[in-house]
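Here's the structure, in structure tokens; my notes come after.
The values are calculated or read from the model by the stated rules, or taken from the named source; none is laboratory data. Quantities reported herein were computed from a predicted structural model and do not represent experimental measurements. In this analysis, Cβ positions are derived from the backbone assuming ideal geometry, glycine residues included, and neighbour counts consider all displayed protein chains. What goes into the accessible areas is simple: the full protein's heavy atoms, side chains included, and nothing from ligands, DNA or RNA. Shrake-Rupley method; radii C 1.70, N 1.55, O 1.52, S 1.80 Å.
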Amino acid sequence: MSTPVIDAHCHILPDRVRANLDEISQVDAWFGRCHAGASAAVASAEELVEAMDASGVDRAVCFTWPFADPALCAEGNDYLAAAVAKFPTRLVGFGCVQPLDPGAAAEVQRCARLGLRGLGEMNADAQGWSLEDVVALRPVVAECIALDFPWVLHCSEPVGHAYAGKGTATPNRIAGFAEHYEQLRIVGAHLGGGLPFYAHMPEVRALCRANLWFDTAAVPFLYDASAYRTVIDLDGADRLLVGSDHPLLRAPRYLQQLETLQLDADERTALMGGSAAALLGL
């Protein structure tokens, strides 16, 4: 049986949030920065599955948004759980919590009871916490390790052009986070802000092969397609997850880019979904 095609990074939003983008933008600055204007890209679970059908994607890993307000996080978690229940063979849900909230660890437990499979897309800049604040993060990280919940972590490159959503979770900080929480499985979104390129350094290569994976969300906006080949060669195809950042970008754009690479059969299987399936136990 062929490996299912998995999109490892998609966003869907609750009905109330999609219907009130301006209102949510006023109470959540990061959300507003990324959803400003009438052309803001948002999607429901049903719209995502429709897009998956059109592009040949079998399963998608879904997040809502890294809201600063714990109540909005919980509302998103409820929406994700309902979406997964409606499309159990198509969608995998990752919840989100506000680590600074005293009830965050309990919300992680609730996410597990709801059938969610990890946390994501966690974003320190958006939510106002620090990657180095081990005291604040300890309860949530400990609960995730106990539940075998991976994190998808928003990452940003320290150079290049400015854009809405570019933050301060740069490779040096992601590396420090991964080293400190060596039992936590971490997916560095957006190619980890460029962290896998540092795997020319043996100690960084060892770290990337320990508890780090990287997804391709928004890569066409940031890098040439040659970046995929570099990550595969330095870190291994099993550490690269193809994720579209839907609805910001769509899966076909990535699948077309992959066709330009000289992939062997094992690399192709890994990128099309094998890496994500292994990480998530699908």
Inset, instruction - Could you check, for the range 144-161, whether at least one of its residues is of a type outside the set (V, I, T), more than 19 Å from P66 (Cβ to Cβ) and open to solvent by less than 10 Å² (accessible area, probe 1.4 Å)? - result: no
Legend entry - Output for the range 103-143, where each listed residue is touching a residue at least 60 places away in the same chain (Cβ under 8 Å), within 19 Å of P88 (Cβ to Cβ) and either assigned to a helix (DSSP H, G or I) or open to solvent by 50 Å² or more (accessible area, probe 1.4 Å) (or both): R117
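To keep it simple, each residue is scored yes or no on (1) surrounded by fewer than 21 Cβ atoms within 10 Å (Cβ to Cβ); (2) within 13 Å of H246 (Cβ to Cβ); (3) polar (S, T, N, Q).
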| residue | (1), (2), (3) |
| --- | --- |
| I6 | no, yes, no |
| I12 | no, yes, no |
| V17 | no, no, no |
| W30 | no, no, no |
| V57 | no, yes, no |
| A71 | yes, no, no |
| A74 | yes, no, no |
| T89 | yes, no, yes |
Inset, instruction - Please identify the pairs in which a residue from the range 73-98 that is of a type in the set (S, T, Y) has its Cβ atom under 6 Å from the Cβ atom of a residue that is open to solvent by less than 30 Å² (accessible area, probe 1.4 Å), counting only partners at least 6 apart or on another chain. - result: Y79/P14
Legend entry - Every pair of residues 6+ apart whose Cβ atoms lie under 7 Å, when the first sits in the range 40-64 and is at negative phi while the second is hydroxyl-bearing (S, T, Y): T64/Y79
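Considering the range 144-169 alone, what residues qualify as being outside any loop (DSSP other than H, G, I, E, B) and over 17 Å from N123 (Cα atoms)? So that I can check it myself, show each step before the final result.
Let us first name the residues in the range 144-169 that are outside any loop (DSSP other than H, G, I, E, B), namely 144-147, 151-153.
I145, A146, L147 - these are the residues of the range 144-169 that are outside any loop (DSSP other than H, G, I, E, B) and over 17 Å from N123 (Cα atoms).
For every residue, the table says whether it meets (1) in contact with a Leu (Cβ under 9 Å, 6 or more places away or on another chain); (2) aliphatic (A, V, I, L, M); (3) open to solvent by 10 Å² or more (accessible area, probe 1.4 Å).
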{"position": "P247", "(1), (2), (3)": "yes, no, yes"}
{"position": "R253", "(1), (2), (3)": "no, no, yes"}
{"position": "L258", "(1), (2), (3)": "yes, yes, no"}
{"position": "R268", "(1), (2), (3)": "yes, no, yes"}
{"position": "L282", "(1), (2), (3)": "no, yes, yes"}
Inset, instruction - State all residues of the range 33-54 that are assigned to a helix (DSSP H, G or I) and either at pLDDT below 95 or surrounded by fewer than 16 Cβ atoms within 10 Å (Cβ to Cβ) (or both); if no residue qualifies, say none. - result: R33, C34, E46, E47, E50, D53, A54
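Just to be sure before I move on: is P66 modelled with pLDDT of 95 or more, buried (at least 21 other Cβ atoms within 10 Å of the Cβ) and part of a loop (DSSP other than H, G, I, E, B) in the structure I sent?
On the way: modelled with pLDDT of 95 or more: yes; buried (at least 21 other Cβ atoms within 10 Å of the Cβ): yes; part of a loop (DSSP other than H, G, I, E, B): yes.
For P66, the condition - modelled with pLDDT of 95 or more, buried (at least 21 other Cβ atoms within 10 Å of the Cβ) and part of a loop (DSSP other than H, G, I, E, B) - is met.
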